[in-house]
Amino acid sequence: MAAKKLNTKDKYRLLTRDLDWEFSYEDRKQAFPFEEFEGIKITDWSKWEDPFRLTMDTYWKYQAEKEKKLYAIFDAVAQNNGHTNISDPRYANALKLFLTGVSPLEYQAHQGFAHTGRQFGGVGARIACQMQSIDELRHVQTQVHAMSHYNKFFDGFQDWSHMHDRVWYLSVPKSFFDDARSAGPFEFLVAISFSFEYVLTNLLFVPFMSGAAYNGDMATVTFGFSAQSDEARHMTLGLEVIKFLLEQHEDNVPIVQEWIDKWFWRGTRLLTLVSMMMDYMLPNKVMSWKEAWEVYFEEAGGALFKDLARYGIRAPKYAETIEKEKEHVSHQAWWLFYSYGDATAFHTWIPSDEELDWLSEKYPDTFDKYYRPRWEMAKKMEAQGKRFYTKGLPQLCNCCQIPLMFTEMDNPTQLAYRDTVYKDERYHFCSDGCHDIFVAEPEKYVQSWLPVHQILQGNCGGPGLEDVLRDYYRMNVGADNLDMKGSPDEQRWNSWKGVA
Amino acid sequence: MSLKTLKPGYSGEVKDRLENFNGNQLVYVGWDHQLLFCAPFTLAVSPDIPFGQLRDQVMASVFSPHPEWTQINWDSAGWLLDGKAFVPQLDVSLQAQGIDHKSLLRFQTPELAGFMSAAV
């Protein structure tokens, strides 16, 4: 007599690999039309090792248990006025950046994995992508719920998905994911699962979640814990993807290397936003961006690429440039946002004297020499009643879409410029890394939707900057933007705390 | 390497063609070793304006908040047009002296060291 309950091994086999079927009257190649055009050769899908080792019913059970705990904490945060327990009202601006810049990427990842999972002939890869797709949907939902409490008390949270699609600096994360999702399925996995989730995710997740813990934000910390086991699975998938592709065929090696080079560079450019969040936006600092980069990329990533050397994979191109940039990018980025603070949907500010000293201590080779003078100048201007806002629109990189604010690492007061001419049209970049990505696939990046150019073409309303901000970006001008000092956020906080 | 696509013959729409700017062209302008302005500017101007108008009106509108802007000695300032040394002619139109759509102009003022001599 058959057992009433399947043992784990059988259940796993039946609910994963056994979900596939043979194609008796349809051409398998036509069923998976995206599988070959990238040049990746798969000889045996059965060699795919399931990284998740989960069946769907177990998955639902785990996730449901986590949700119950998570929403109980959200309720408690709301009932106990959790927004008044954060370290300082400036902290809320890190959350605004997260909600508008990162949460929509979770949704993009959900869509990307759903699409990609459909395209693989191997059932193991399909199921892994399906589960990650559902994880990502859960992440965007729980993040929105975690932050909805703050939306009731702070400005700038109200229109995050609309803003993600339109606001100038949010085109940086948006275009990153658009690029990955419009690539083939294998490139998508190398881009998102490996380069982003495996190599760089700790540099995104740890700063935000530890930042939340250090700054009294229980809702976000709890979300972080709830997502942690998912992230661990995503990282495992990233590593499996790479090993599987490299072991399947030697012709895959140069293709994968090119993707690693590209996506490592795109990922580090994207993380520029995180660097300034760590060094400037967290009132209680966790560690400096430079320290985070050393721990999570140089040490962990160094060991990884040593391990991958046996497949013929080397460390990503321009890793040595990034190693030098860790001393500079956060300062350059916060200056960018400070000086364009009339066009941001979060508040900006001059660091306090204690914070300036902390930055000097953490960046002894660069801060006092290159960056402190800017803040001294800003302080002087503010004291004269002329808080500094840059007039005029910046030049953007045609690849990463960040303004050309990065400097030459051997000449740190000189902005870096790179360009190329393609079909009689000139294109500009912030770096060799972004230049090379364009040159490899120009037909893709001639289509970049550069926010500054779109404004100047008249596609974003106007004519004035304030019209664009109010009508096209849907910012509450005068409340969402401008300096922290004198903002409605600050006034409300002071009234909660009984400060005049 | 070119873009790998499902079907041959793929080409992308060039988003920033000159025709899309309603009669204007783009010129990017950066002040070398000057970092109060975090990045170069994107300026939309008519290709027919003389260089003097670009410098004294359009550029001034964005660069003049810098206290050293009025101290610039234009006789000794150096220029680069798309990476090559360039001597602008004030009365000649942009178009006629080779400043075309999406050209990059950089200028240098080595005698001005910026706030606290820190290139700010």
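None of the figures in this text is laboratory data; all of them are computed from the coordinates on show. For clarity, every value in this text was computed on a predicted model and none was experimentally measured. Neighbour counts are summed over all protein chains in view; Cβ atoms, including those assigned to glycine, are modelled from backbone coordinates with ideal geometry.
The table below gives the values:
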item	result
Reachable aspartates and glutamates, given that their alpha-carbon falls under 16 Å from the alpha-carbon of A:K61 and they are not under 8 places away in the same chain	A:D135, A:D230
Above-threshold pairs, the threshold being 32 Å between Cα atoms, out of A:K96/B:K84; A:K324/B:K102; A:K11/A:K69; A:K285/B:K15	A:K96/B:K84; A:K285/B:K15
Amide H contacts of A:T413 (H built 1.01 Å from N, under 5 Å, at least 5 apart or other chain)	none
Charged-residue dipole, Cβ positions (Lys, Arg, Asp, Glu), chain A about Cα centre, Debye nearest 20	1060
At most 15 other Cβ within 10 Å, DSSP loop - trypsin sites (Lys or Arg not before Pro), segment A:108-181	A:K152
Among the listed pairs A:K47/A:K262; A:K4/A:K47; A:K379/A:K485; A:K29/B:K4; A:K444/B:K7; A:K152/A:K497, those beyond 20 Å (Cα-Cα)	A:K47/A:K262; A:K4/A:K47
For segment A:310-327, Karplus couplings with θ = phi - 60° (6.51, -1.76, 1.60), whole Hz, Gly/Pro x	5, 8, x, 9, 10, 4, x, 4, 6, 4, 6, 5, 4, 4, 6, 5, 4, 7
Rounded Å value of the spacing that divides the Cα centres of segment A:205-272 and segment A:1-80	20
Chain A: angle of helix A:171-181 to the longest principal axis, Cα-based, in degrees nearest 10	10
Of all DSSP beta bridges in segment B:20-117, antiparallel share, percent nearest 5	70
Gain on full stretching of the segment that runs from A:Q384 to A:R28 - 0.36 nm per residue minus C-alpha separation	121.0 nm
Theoretical FRET efficiency, 1/(1+(r/R0)^6), r = Cβ-Cβ of A:K69 and A:E466, R0 30 Å, to 0.05	0.10
Inter-label distance, nm, simple model (7 Å from Cα along the C-beta direction), A:H145/A:W21	3.5
Cα-based helix-to-principal-axis angle, A:56-79 vs chain A, degrees rounded to 10	20
At R0 = 56 Å, FRET efficiency that the Cβ-Cβ distance of B:T70 and A:V253 yields, to 0.05	0.45
Lys/Arg +1, Asp/Glu -1 at C-beta; segment B:20-117 dipole; positive extreme among B:F51, B:V62, B:L26	B:L26
Distance between segment A:400-470 and segment B:1-60 - C-alpha centres, whole angstrom	9
Taking A:I350, A:I437 and counting other C-beta atoms within 10 Å, the order from fewest to most	A:I350, A:I437
Spacing of the two label points (7 Å from each Cα toward its C-beta) at A:N81 and A:V439, in nm	6.0
Simple label model, 7 Å out from Cα along Cβ direction - A:R118 to B:N20, nm	2.8
Long-range amide H partners of A:Y422 with built H, under 5 Å	A:Y427
Helix-only mean residue ellipticity at 222 nm for chain A, each DSSP H run of n ≥ 4 adding -39500 (n - 2.57), per residue, nearest 500	-16000 deg cm²/dmol
Alpha-carbon centroids, segment A:82-97 and segment A:122-165: separation in whole Å	19
